[in-house]
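Novice: Take a look at the following structure, please.
Read the figures in this text as sums done on the coordinates, not as results from a lab. As the structure is a computational prediction, the values presented were derived from the model and not from experiment. No Cβ is skipped: glycine too gets one built from the backbone with ideal geometry, and neighbour counts run over all protein chains shown.
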Amino acid sequence: MDKQYVVFDLGGEHYGVDIAAVEGIIKLQLITSVPHAPAFIEGVTNLRGKVLPVVDLRRRFNLLAGATSKETRIVVVEMNGATVGMIVDGVSEVLQVSDEAVEPPSPIVMTIDSAFIRGIAKVDDRLIILLDLSQVLSGQAQAMLDRQLQPA
């Protein structure tokens, strides 16, 4: 069975997330820092009147910091019951990938810090790292989001 993925670039690599989890893609906008948040939480931003937590995926994946450009985007996704923005270098396409083109990640490269990798898709001459959004946030960041979702 084929699935559709939103493909984005980060640190020169291609990543994909299931299109069903994507609520929108917006240009980078003003982000307000949040004290005592995990290092990879960039802060929060206002999206259509709602406060949206924003994750810097470069920091989350321990990649070198990169300069923002006119291609930098915030991919708005549903992650563990919360709406979260993810800063990426650019969004390239929506791609249909067959299950046969996806391999599980090698146990050699998997660690507790890479549990967010669902699989690797082989498409033409490139590899696309498919993310498991339920694993992208650390326990600390997820707890912080859960507290935000609690009614006051």
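Novice: Run the numbers for Ala39 and Glu93: contour at 0.36 nm per residue of separation, minus the present Cα-Cα distance, in nm. Don't skip to the end; give the middle numbers.
Specialist: On the way: separation 54, 0.36 × 54 = 19.44 nm, distance 2.87 nm.
That works out to 16.6 nm of additional length.
Novice: In addition: Between the stretch 74-89 and the stretch 7-45, what's the alpha-carbon centroid distance in Å?
Specialist: 5
Novice: Could you list His36, His14 so that the one with the fewest beta carbons within 10 Å of its beta carbon is first and the one with the most is last?
Specialist: Going from least to most buried by this count: His36, His14.
Novice: Using a Cα-Cα cut-off of under 20 Å, which lysines could be cross-linked to Lys70, ignoring same-chain neighbours fewer than 8 residues away?
Specialist: Lys27
Novice: Separate question: Can you classify the stretch 1-75 as rounded, prolate or oblate using the Cα gyration tensor, where a ≥ b ≥ c are the square roots of its eigenvalues, rounded means a/c under 1.5, and otherwise it's prolate if a/b beats b/c and oblate if not?
Specialist: In terms of gyration-tensor shape, oblate.
Novice: Hey, another quick one. Measure nothing but the geometry: give the 0 to 90° angle between the long axis through the Cα atoms of 139-149 and the longest principal axis through the Cα atoms of the chain, rounded to 10°.
Specialist: The answer is roughly 50 degrees.
Novice: Would you order Arg118, Arg59, Arg48 from fewest to most other beta-carbon atoms within 10 Å of each residue's own beta-carbon?
Specialist: Details: Arg118 19, Arg59 16, Arg48 8.
So the residues, fewest neighbours to most, are Arg48, Arg59, Arg118.
Novice: Using a simple charge model, +1 on the beta-carbon of Lys and Arg, -1 on the beta-carbon of Asp and Glu, nothing else, what dipole does the stretch 2-126 show about its Cα centre, in debye to the nearest 20?
Specialist: Roughly 580 debye, rounded to the nearest 20.
Novice: Using 0.36 nm per residue of separation minus the Cα-Cα distance, give me the extension gain between Glu78 and Asp125 in nm, one decimal. Let's see the in-between values first.
Specialist: Working: separation 47, 0.36 × 47 = 16.92 nm, distance 2.99 nm.
Here the segment from Glu78 to Asp125 would lengthen by 13.9 nm.
Novice: Okay, next question. Taking only the Cα atoms of the chain, how large is their convex hull per residue, in Å³?
Specialist: 125
Novice: Please arrange Val88, Val75 by counting, for each residue, the other beta carbons lying within 10 Å of its beta carbon, fewest first.
Specialist: Ordered from fewest to most neighbouring Cβ atoms within 10 Å, Val88, Val75 come out as Val75, Val88.
Novice: Which one, Pro53, Gly11, Ile74, projects farthest toward the positive side of the charge dipole computed for the stretch 2-126 from Cβ point charges (K/R +1, D/E -1)?
Specialist: Farthest along the dipole direction, towards plus: Pro53.
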